[in-house]
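Scroll down for the structure; my scribbles are underneath it.
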Amino acid sequence: MTVLWINGDFYLFKNTANIYTRYILFYMRYNHIVLYNLSIMRLLQLFWSSSLRGQSTRQAHRKYSKVLGIETSCDDTGCAIVDSNRNILGEYLQSQQQIHLDFGGIIPPVARDLHMQNIDNVVTQAMQQAQVNLNDLDAIAVTVKPGLPLSLLVGMNYAKELCKKSLKPLIPIHHMEAHALTARLVDHNLQLPFLVLLLSGGHCLLAIAKRVNEFLLLGQSIDDAPGEALDKAARRLKLKNMKEFRNCAGGQAIEKAALKGDPRAIDLGTFMTSYKDCNFSYSGLKNAIRSQILKSEKKHDLKGDEIIPEVFDLCASIQYAVTKHICTRVQRAIEFIDRTQLLPDTNRTLVVSGGVASNMFIRKHLNYMCDEMNFKLIVPPPKLCTDNGIMIAWNGIEKFNENIDIFNHIDLDKIDIQSKAPLGKNISSQITDMAIRCPSGFFNKIFEEHR
């Protein structure tokens, strides 16, 4: 056996050498290591007095910790300080939304320049709100994958400089893993494993979160993401020309406009019905939306910035089609879980996160579906569904407590960005092999019952 002593805490783990005769006690503070040899009696005295009998290094890194998280994977600059008691000590978010709306979409060099312009102030504001300095922190966490390369570099480089200055360790964060585990910050009773659905402008993923750093991927988008489809639909519908939607992101504009329309007014079709898997596709929907708009513009002889008369009905129908597609794929995932028993009966939980999870229509119908299939739906508050520094800091806390991906300040060169990064192990072929048939009309039935 070997005992690790970190800042006064003892941790017991297996030692392959001299297991019966020698014990080793380390005192470590990041890059400073002192080695001691102890007699077995002295070791046992120290160990029993520490009250940590049987505890492993994977169970706890420290009793209390504070981590600063930095998020710059796309177009928002975020920073937060979170502690191991689930307290958000300070946070600050600088949105670039309006600037990118004016450009008609995210332009990577512009996003990078805005991150560079804002990041110092964002971190300073978060730390001032938390009333901490660098010496008060236990580690710094930063998003390094996936995302826009130019944006990721800004956050990573800034975080590395903070680590060099403070001699604190750096924890690299997978953006989608952070989204998946954010619900554990606000729901103290949420235990692993659980089913998680991540919906955003760049991703659509369905997975089982087994551990903090272990995921089983059940399905993903084979082309576009739901947020991207909604944003492009909003631009093609010219919603920003309407005063009430001028300052809304595309998905937000679609959701607000849909409140004034009939979700069943325009049939945009169903997608991937012949594919017995849990993958997603939105390219067919985008083509159907484009065809519908062109048809209406021709019918009404519209030109320039003129908006089609059916705009509200079309927005409602778009939202309906997206929701139906998502629910159908999740339905098959739950059937797969029931057959394979990948989740315990005591933890039939679906967590939904990501920017599109803020859409209340989608959230509501996922909840209806979960009720029908004996699942519990958990969705973080809207501000935690979109990109933010809080989720990065919290993922840093979870990794720090589990002693996962903690890089010493002298090993920072080992960390680099990845614009594309898979989420966990892909087991989607197992679902295809089962050829699971889902009852037809399941979503329509749910929709009509709660209309």
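The values are calculated or read from the model by the stated rules, or taken from the named source; none is laboratory data. Computed from a predicted model, the values in this text were never measured in an experiment. Positions of Cβ are backbone-derived with ideal geometry, glycine not excepted, and every protein chain shown enters the neighbour counts. Only protein heavy atoms, including side chains, enter the accessible area calculation; ligands, DNA and RNA are left aside. Shrake-Rupley method; radii C 1.70, N 1.55, O 1.52, S 1.80 Å.
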>> Keeping all protein chains in place and using 1.4 angstrom, which order do His115, His300 fall into by accessible surface area, from largest down?
In response: His300, His115
> In whole angstrom, how far apart do the alpha carbon centroids of region 114-135 and region 266-281 sit?
Replying inline: 44 Å
>> If I fit a long axis through the Cα atoms of helix 360-372 and take the longest principal axis of the Cα atoms of the chain, what angle between them do I get, 0 to 90°, rounded to 10?
In response: 70 degrees
> Can you list the aspartates and glutamates whose alpha carbon is less than 17 Å from that of Lys260, not counting same-chain residues fewer than 8 positions off?
Replying inline: Glu244, Glu310, Asp313
> By accessible area of protein heavy atoms, probe 1.4 Å, what ranking do Lys164, Lys63, Lys238, Lys232 get, highest first?
Replying inline: Lys63, Lys164, Lys232, Lys238
> What are the GluC sites (Glu not before Pro) within region 301-336 that DSSP puts in a loop, where the Cβ has at most 15 other Cβ atoms within 10 Å?
Replying inline: Glu306
> For region 228-336, which whole-number percentage of the solvent-accessible area (1.4 Å probe, protein heavy atoms only) is attributable to carbon and sulfur atoms?
Replying inline: 48 percent
> Hey, which of these cross-link pairs are over 32 Å Cα-Cα: Lys210/Lys420; Lys145/Lys298; Lys160/Lys232; Lys160/Lys240; Lys160/Lys256; Lys145/Lys445?
Replying inline: Lys145/Lys298; Lys160/Lys232; Lys160/Lys240; Lys160/Lys256; Lys145/Lys445
> Which whole-number percent gives the relative contact order of region 143-285, counting Cα pairs below 8 Å spaced six or more residues apart?
Replying inline: 17 percent
>> Using helices alone, I'd like the mean residue ellipticity at 222 nm for the chain: each DSSP H run of four-plus residues gives -39500 (n - 2.57), total over residue count, nearest 500.
In response: -12500 deg cm²/dmol
> For Leu377, which sequence-distant residues (separation of 5 or more, or a different chain) have an amide H within less than 5 Å of its own amide H, given hydrogens modelled in the peptide plane?
Replying inline: Leu350
>> Which of rounded, prolate or oblate describes region 153-209 when judged by the alpha-carbon gyration tensor and an a/c cut-off of 1.5?
In response: oblate
>> If amide hydrogens are placed 1.01 Å from N in the peptide plane, which non-local residues have theirs closer than 5 Å to the one on Lys210?
In response: Phe215, Leu216
> What are the residues whose amide H is under 5 Å from the amide H of Ser84, where those residues sit 5 or more places off or on another chain and H is modelled from the backbone?
Replying inline: Ser65
>> Given a 1.4 angstrom probe, what's the average accessible area per residue across region 243-314, in square angstrom?
In response: 57 Å²
> Candidates (1) -0.41, -0.52; (2) -0.52, -0.66; (3) -0.36, -0.47; which is the computed log10 I(q)/I(0) by the Debye sum over Cα atoms at q = 0.07, 0.08 Å⁻¹?
Replying inline: (1)
> Within straight cross-link reach of Lys425, meaning Cα distance under 17 Å, which aspartates and glutamates are found once same-chain residues fewer than 8 apart are removed?
Replying inline: Glu177, Glu214, Asp277, Asp433
>> I need the peptides 381-388, 174-181 ranked by packing, meaning the mean over residues of other C-beta atoms within 10 angstrom, with the highest value on top.
In response: 174-181, 381-388
>> Angle check, please: helix 40-49 long axis (alpha carbons) against the longest principal axis of the chain (alpha carbons), in degrees 0 to 90, nearest 10.
In response: 50 degrees
> Which listed residue (Leu350, Ile392, Ile436) has the Cα farthest towards the positive end of the charge dipole for region 309-451, taking +1 on Lys and Arg C-beta and -1 on Asp and Glu C-beta about the Cα centre?
Replying inline: Ile436
>> If you count only protein heavy atoms and use a 1.4 Å probe, how large is the accessible surface of Asp411, to the nearest 10 Å²?
In response: 50 Å²
>> Can you compute the charge dipole magnitude of the chain about its Cα centre, using +1 on each Lys and Arg Cβ and -1 on each Asp and Glu Cβ, nothing else charged? Give it in debye, rounded to the nearest 20.
In response: 660 debye
>> Relative contact order for region 139-204: what percent, with Cα pairs under 8 Å and sequence separation of 6 or more?
In response: 32 percent
> Relative to the longest principal axis of the chain, what angle (0 to 90°, nearest 10) does the C-alpha long axis of helix 389-402 take?
Replying inline: 40 degrees
> Got the relative contact order for region 266-346 handy, in percent, Cα pairs under 8 Å and 6 or more residues apart?
Replying inline: 41 percent
